[in-house]
Amino acid sequence: TSAVLGELVGAYKNRLEASTLTDPLCEVWNQRAFTTTLGDSVAAAHRSGRPLSLMFLDLDGFKQINDSRGHMEGDRTLRDFAEAIGQGVRSQDMFARLGGDEFALLLPGTGLAQAEAIGQRLHETVAGVAWSFGVAELRQGESVAEFTARADALMFEKKRQRGAGR
């Protein structure tokens, strides 16, 4: 009995742990998991000198989808987008939903040119919704806050250039 109870408690603990790190709608990493991993990845990249890139992704006109077609359709759009991006990235990459229609993709061992190429490839293959992305490569000595602010600003600039708003 105690062995079975131990297994049940262990399984429950694993599910609970996973639920605190996973976005329930899109079934990808959530902001909490991403923030922790990002900090660890930045520290590791600074120590090793290996490249690290960060891509911010944002759906264009998502509010209009919710307003015109309803929140169920908006949720379906988010799930489909997350699934399509998730299928297009490497196993070592970390794809997370930060909230709303904002996502991030952490690309370890990836320089800026390669990260931009990944973004372009994903942009060409992920259909069904318009989206924008911005990519930054970690600079030596750069803080997590500076790194994320640059990636976010680059994504916002691309949205502005495309006339996609935010």
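Values in this text are rule-based calculations from the coordinates and carry no lab data. Just so it is clear, the structure is predicted and the values come from calculations on it, not from any experiment. All Cβ positions, glycine included, derive from the backbone under ideal geometry; neighbour counts span all protein chains shown.
Compared with the alpha-carbon gap, the fully stretched path from residue 36 to residue 157 is longer by 40.9 nm at 0.36 nm per residue. Taking every alpha-carbon pair under 8 Å whose residues sit at least 6 apart, the range 30-166 reaches a relative contact order of 36 percent.
Going by average Cβ density within 10 Å per residue, which order do the peptides 33-41, 147-155 take, highest to lowest? If you can, show how the numbers build up before the last one.
Working: 33-41: 16.7, 147-155: 19.1.
Per-residue Cβ counts within 10 Å, averaged per peptide and sorted highest first, yield 147-155, 33-41.
For the range 100-166 and the range 43-99, what is the separation of their Cα centres, given in Å? The range 100-166 and the range 43-99 have Cα centres separated by 10 Å.
Would you mind calculating the gained length between residue 114 and residue 129 on full extension (0.36 nm times residue separation, minus the Cα-Cα distance), in nm to one decimal? Please report the intermediate quantities before stating the final value.
Numbers: separation 15, 0.36 × 15 = 5.40 nm, distance 2.35 nm.
Extra length from residue 114 to residue 129 when fully extended: 3.0 nm.
Between the entries (i) 18.0; (ii) 16.4; (iii) 17.0, the label attached to Kirkwood radius over Cα pairs in Å calculated for this structure is (iii).
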